[in-house]
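Notes to accompany the following structure.
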Amino acid sequence: MSNGVSTSTDKNIVDLTRSHHSRAAAKAVRTTRERLQSDQGVSPAFDVEILGMHLSATLQGAAVMPAILLLVTGFGTYLTAEPRLFLWAIFALSIHALCILLVKRASKAVITPENQKRWRQFLLAGQVAMGCSWAIFATQQCATCGGSGFVFFKGAVLLLALSITAMANMLLRQAVLFGFLPTVAALVYLSLTSRQMLDLGLTAVFTTALIFFIYITNRLHQANLKLLSFQTEKDDLIAELEVAKSLSDEARRRAEEANMAKSRFLASMSHELRTPLNAILGFSEVMATEILGPLNNPLYKEYAGDIHRSGKHLLELINEILDLSRIEAGKYELSEEVVSLLELAEDGIGMIQLRAKSKNIRIEEQFEQQLPSVWADEKAMRQVVLNLLSNAVKFTPQGGEIIVKAGWTAGGGQYVSIRDNGPGIPENEIPVVLSAFGQGSIAIKSAEQGTGLGLPIVQAILAKHGGEFKLKSKLREGTEVIAILPSSRVLESIPAVSDAKAVEPRRRQFA
């Protein structure tokens, strides 16, 4: 009974069942998206982070409010010449100290989504208490000041306190509203009892400023929330990318190990496969040609010929697989020497001419004369030309034509082009034909099926030479393949050095 986990050897390359590696990152990304798509625009997890940021900012600016209170007390005492503002300052400083102690205790505690609402209520209660101290300040009167100086002083102080509180508590929602509602109530009460225009004006201005600062703090709170959301999503995506990178590295390592194991297997099996094949080829050829005497049954001769052809086909397939595996493993070393592409093309045509005549195929040569030699691997380039010519003869119909060209490229390199008037290749099948073991629909339907390794080997050999391979084909019109060598492999001929008089060596004089 299967347990749902594959045990095939493909698991050594890419393990598609290892989703648990990225499960944590996927969960984090999903949570972040839920935060951003929530109805309130904030989740309990973000509430905890926002509250923590508020506590940190409050502790950093804890000394601002006492300095303002002392400054207001000193200046107010100078205006009123009365000591009662000192009592108010002691009360306000005591409330502020209690609020700071509460913030310190909250910062040391572990705030969770479950208890963050309770801590937030405590902090809002502290803001209400601090607002009561400002409400007491708003009710202060000065009988000896005269005029409107003290009213303007109160208005300036209250607006200053409102702005500082709004900036310091923008991460704590509704802190400004709850903190200065007592002050608004005190100003309304004062204006109703005194019925003076200055008090009414101060109440209207302060209420308008309170509404404005509530709007500003809400916008700043939303902006900080969005920045926090984007930062969290970025961190989660980075974590997901790191997990994906680790998985890809593991998959690449396993693929490299599998590729090395395949190369080692093919290298070790080359001798074991070729040795019996050579014996099969040799003995079947002896039996088919009746060197040691006639066979009693004519069918034996036919069977021996079939065995020889099948063994030869199998040997070619093994050689092509080994060549391609060596190239992929980076073990294919070029034995470079001076080579003429014209001679290679002529030799290839001579070797394929017999097969072409059997199908009544005409081969036309269009060579540019006096092409210089190139620096390349003769055996590899000969294999390139033979593979391309064999494919052209194989897929060209009876009475067809093959045109072989060799000449210069526009960039100063050299090329060999082979064009036939065969059935052609559909455009969507060209990537399949160029892949290892890939065969087009026409090749599959034909009687002479190949291994599908000829063109990949040609591409790999040209890539080792720094060259390029091009395939152009149109259905029912024909196919053209071009093997290109770069200009860096073209050897320039150097003219002979004219005779010159030898320079006599300078004689050395010794004392």
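The values are calculated or read from the model by the stated rules, or taken from the named source; none is laboratory data. Since we're looking at a predicted model, the values are computed, not measured. Every residue, glycine as well, gets a Cβ built from its backbone with ideal geometry; the counts of neighbours run over all protein chains shown. Quick note on the areas: whole protein, heavy atoms, side chains included, nothing else; ligands and nucleic acids left out. Shrake-Rupley method; radii C 1.70, N 1.55, O 1.52, S 1.80 Å.
Quick look at the values:
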| item | result |
| --- | --- |
| Accessible heavy-atom area order of Val432, Val458, highest first, probe of 1.4 Å | Val432, Val458 |
| Gained length - Lys357 relative to Leu491, 0.36 nm times residue gap less alpha-carbon distance | 44.7 nm |
| Heavy-atom SASA rank of Lys245, Lys262, Lys104 (probe 1.4 Å, accessible area, largest first) | Lys245, Lys104, Lys262 |
| Sites Gln196 and Leu70, calculated FRET efficiency, Cβ-Cβ separation with R0 22 Å, nearest 0.05 | 0.15 |
| Translational diffusion coefficient (Stokes-Einstein; Kirkwood radius from C-alpha pairs) of the stretch 185-240 at 20 °C, 1.002 mPa s, in µm²/s | 151 |
| Portion, in percent, of the accessible area of the stretch 228-311 that falls on carbon or sulfur, probe 1.4 Å | 64 |
| In sequence order, calculated HN-Hα J values of the stretch 335-342 (Karplus, 6.51, -1.76, 1.60; Hz; x Gly/Pro) | 9, 7, 7, 6, 10, 10, 5, 4 |
| Solvent accessible area, Å² - Leu102, 1.4 Å probe, full protein context | 50 |
| Normalised alpha carbon radius of gyration of the stretch 198-353 [divisor 2.2 N^0.38 Å] | 2.63 |
| Ranked by how many other beta carbons lie within 10 Å on average, peptides 277-287, 392-402 from highest | 392-402, 277-287 |
| Heavy atoms of Lys405 accessible to a 1.4 Å probe, total area in Å² rounded to 10 | 70 |
| Gain in span if fully extended, Leu334 to Glu290, counting 0.36 nm per residue against the direct Cα distance | 11.7 nm |
| Distance in nm between pseudo-label sites at Ser94 and Val243 (7 Å out along the Cβ direction from Cα) | 5.5 |
| Distant-in-sequence amide H partners of Ile363 (H built 1.01 Å from N, under 5 Å) | Ile402 |
| Segment Lys234-Phe367, extension gain: residue separation times 0.36 nm, minus the distance between their alpha carbons | 41.7 nm |
| Solvent-accessible area, 1.4 Å probe, carbon plus sulfur percent, for the stretch 57-205 | 71 |
| Nitroxide proxy distance, nm - points 7 Å out along Cα→Cβ at Glu272 and Gln222 | 7.4 |
| Under the Karplus curve 6.51 cos²θ - 1.76 cosθ + 1.60, θ = phi - 60°, whole-Hz ³J(HN,Hα) for the stretch 232-246, x wherever Gly or Pro sits | 5, 5, 4, 4, 5, 5, 4, 4, 5, 5, 5, 5, 5, 5, 5 |
| ³J(HN,Hα) computed for each position of the stretch 294-304 - Karplus, 6.51 cos²θ - 1.76 cosθ + 1.60, integer Hz, glycine/proline x | x, 8, 5, 10, x, 5, 4, 5, 5, 5, 5 |
| Links that overshoot a 28 Å alpha carbon limit, given the list Lys262/Lys464; Lys104/Lys154; Lys312/Lys359; Lys359/Lys472; Lys405/Lys474 | Lys104/Lys154 |
| Accessible-area order (highest first, 1.4 angstrom probe) of the listed residues Tyr78, Tyr189, Tyr332 | Tyr78, Tyr189, Tyr332 |
| Accessible area of Ile352 in the full protein assembly, 1.4 Å probe (Å², nearest 10) | 10 |
| C-alpha center-to-center spacing [the stretch 300-357, the stretch 129-167] in angstrom | 101 |
